[in-house]
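What follows is a short report on a single structure.
Nothing in this text is a laboratory measurement; each read-out follows from the coordinates by a stated rule. All values derive from a computational prediction rather than experimental measurement. Neighbour counts are summed over all protein chains in view; Cβ atoms, including those assigned to glycine, are modelled from backbone coordinates with ideal geometry.
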C-alpha cells in the first residue's frame, strides 16, 4: 500500500531550491511522486509502504536542506500509518534487541519491558556506556575538584587568605572512580537485576540480516539473536584526526585524561569544543601549564560572543589559546611531544586529542541492510527515532542528534514507545545545553545567526553580569546573558549564557521557550532576589528599558 508524507523543508530560498528538493526526494527508491513548494516551505511525497521517513530526510539533507516530518497517512483502508507502527498496542510477545548499554539503551529497555516486551541487551564494552564510565560523571567530579583548587588560589574575598593548593592527583582519581563504580552498580547493574525480562549479553554484535544479530562473546563463542524490533544505541568514540605522526605517539583522549594519576607539567589540548575546553581548564586549575590549539575558535558552533568570552577567561587564568591552529605533524621523542605549528615547534609532555566523537557503527553491517547513515556513520532517524528500515530504531551518540546523555535517554524512551506501536516524537527545539567550564556556557533554542538562516527577523539584548545583583554580591561578574526574540511578535527564540551557574539559569529559559513566552512575559515574571536566574528577567527588561536606572529587584 502507498503512503502520503508531508515534510517541512528549511533552507529553500527560491523556486529552484524546490526543484532541487523534488529531485532529491524522487531519487529515493519507492518514491512515486514528490512535489515541493518554496512559498509554503513544504514537500508532499507519495511513497510505497516500505519507505521510511528517515530515508526522505537523509536525501533532503544530502541536497543541502533541512527536513522534518509533518504528517504521514496511508492510502488504503485497514493499513496503519507510520506513526502507529506495526506492533500490537500492548507490545506483548515482542522481542526487542538493543545494541548498547548506555542511558539511551537502558531507557528503551525499561520502557519496553513495562510495555510487555522482552528485551535482549548486547554490550561489547563496559556496562553503562559513556556517561557514567568515561564521560559526564568522572569529568564533572574532576571539574569540581579543580574548581576547589582554584578557589583556594584565587577566590575574590579580601578577608580570606589564599594558598597554593596541594594536589594529590592519584587520590582524586581513586575517589572519582569509586563514585563511578558506585553509580554503575546502582543505576545499571542493579536495574538489570531488577528486570528479569531483560537478558544481558556480553559481546560484539553484527547484523546477519535485518532481524538477526550475531553476537561474538569474549570467549569466542557465537550466538544468533532474532528480534522483532531492533534499537541501535552503540554510542561513539573519540575522533582521531589525520595528522602525520599522531598515531605513533602515546597521546591521550578524554578517556585517558580523566584517569591520569599524574599531572603533566605542560598539556597541549587539540580541539576547541566541549570536551577540550572542560578538561583544559580543569588541568590548568589543578596546576598544569595548558595550551589549546583550536582549528577555528573556541566553541565555534555557538554564538561567537560565547567563545570570545570564554577565551578571555582562559587567558586570564593563564591558558594559552591558539586559534586557527592545526599541527602540521606530531612526533614523540625522549618523553616529549613535538607539534609542528605555523610559528614553529611546540613542545609538551602530554597531548590531549579532543576533536569530537565518531559513531560506533562502522562494524555493525548497516550498509547491507539499507540503514541510511551520514558521511561519518551516524544513523539518520526521523522524529520517531526510526531509521530508514522501518523496524530498526536508533538513539544517542550514534545518531545525528546532539551528543548529550539526556537526549539519548529521551530518544530511547520514545523509540521504545514506538517499537511497541505507540506514537512518540522527540522535539529538540527547546533543548538546553551546558558546557561545564567556569563560568559555564549554557544555550537553548536559536542564536541570531541560526534564526537569520531560517529567514526570521530577530531582535536581541545582551546583559553583562555587572547588572545582576547576585553576580555583584559574589564578586564574579564574568560573562553575560543574551536573549533572542522574533522581531514581529516578541516571542523568545533562544538564550545564550556565559555565567557561573549558567547551567542552572538556562532551564528557566528553556521552559519559557517551550511555553511560547514573549520577552515581556519573562520580564513580568517574579524571580527571587538574590539569584543568578534573576538575570533572565533583567535581560528581558532591557528590551524596553534601561535596567541601570532601576532599583534593586524592581518589578
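For a quick protection proxy, order the peptides 342-349, 364-371, 248-255, 279-286 by their average other-Cβ count within 10 Å, most packed first.
Details: 342-349: 12.8, 364-371: 18.0, 248-255: 16.2, 279-286: 24.9.
Highest-to-lowest ranking by the protection proxy: 279-286, 364-371, 248-255, 342-349.
What is the extension gain from residue 8 to residue 248, computed as 0.36 nm multiplied by their sequence separation minus the C-alpha to C-alpha distance, in nm to one decimal?
Stretched out fully, the residue 8 to residue 248 stretch lengthens by 81.7 nm.
Is the chain best put as rounded, prolate or oblate by its Cα gyration tensor, with a ≥ b ≥ c the root eigenvalues, rounded for a/c under 1.5, and otherwise prolate when a/b is larger than b/c, oblate when not?
Since a/c reaches 1.5 but b/c is at least a/b, the shape of the chain is classed as oblate.
For segment 433-549, report the % of Cα-Cα distances exceeding 24 Å.
The calculated P(r) of segment 433-549 puts 18 percent of pairs beyond 24 Å.
Using 1/(1 + (r/R0)^6) with R0 = 30 angstrom and r between the beta carbons of residue 301 and residue 491, what's the FRET efficiency to the nearest 0.05?
For residue 301 and residue 491, the calculated efficiency is 0.80.
I want to make sure I understand the PRE zone here: with the label point 7 angstrom from the Cα of residue 320 toward its beta carbon, which residues in segment 257-287 have backbone N atoms less than 20 Å away?
263-273, 276-287
Go through 144-153, 390-399, 300-309 and give me the packing order, highest mean Cβ count within 10 Å leading.
390-399, 300-309, 144-153
From Cα pairs below 8 angstrom and at least 6 apart in sequence, can you work out the relative contact order of segment 433-549, rounded to a whole percent?
29 percent
Quickly work out the residue 33-to-residue 70 label distance, labels modelled 7 Å from Cα along the C-beta direction, and quote it in nm with one decimal.
In this crude label model, residue 70 to residue 33 measures out at 1.7 nm.
What ranking, highest mean first, results for peptides 442-454, 225-237 when packing means the other Cβ atoms within 10 Å averaged over each residue? Mind dumping the intermediate values first?
On the way: 442-454: 19.4, 225-237: 24.5.
Ranked from most to least packed, the peptides come out as 225-237, 442-454.
Between residue 144 and residue 208, what length in nm is gained on full extension when 0.36 nm per residue of separation is reduced by their alpha carbon distance?
Working: separation 64, 0.36 × 64 = 23.04 nm, distance 4.54 nm.
Once the chain is fully extended between residue 144 and residue 208, it gains 18.5 nm.
With r as the distance between the Cβ atoms of residue 154 and residue 473 and R0 = 22 Å, compute the FRET efficiency 1/(1 + (r/R0)^6) and round to 0.05.
0.75
Under the classification rounded if a/c is under 1.5, otherwise prolate if a/b is larger than b/c and oblate if not, where does segment 323-371 fall, given a ≥ b ≥ c as square roots of the Cα gyration tensor eigenvalues?
On the way: a/c = 3.87, a/b = 2.61, b/c = 1.48.
The shape class here is prolate.
How high is the FRET efficiency from residue 219 to residue 425, r the C-beta distance, R0 41 Å, rounded to 0.05? Please list the in-between numbers first.
Working: r = 41 Å, r/R0 = 1.01.
Efficiency, from the Cβ-Cβ distance: 0.50.
Can you give the calculated 222 nm mean residue ellipticity of the chain, where each DSSP H run of n ≥ 4 adds -39,500 (n - 2.57) and the sum is split over every residue, rounded to the nearest 500 deg cm²/dmol?
Taking each H run of at least 4 residues, the total per residue is -8500 deg cm²/dmol.
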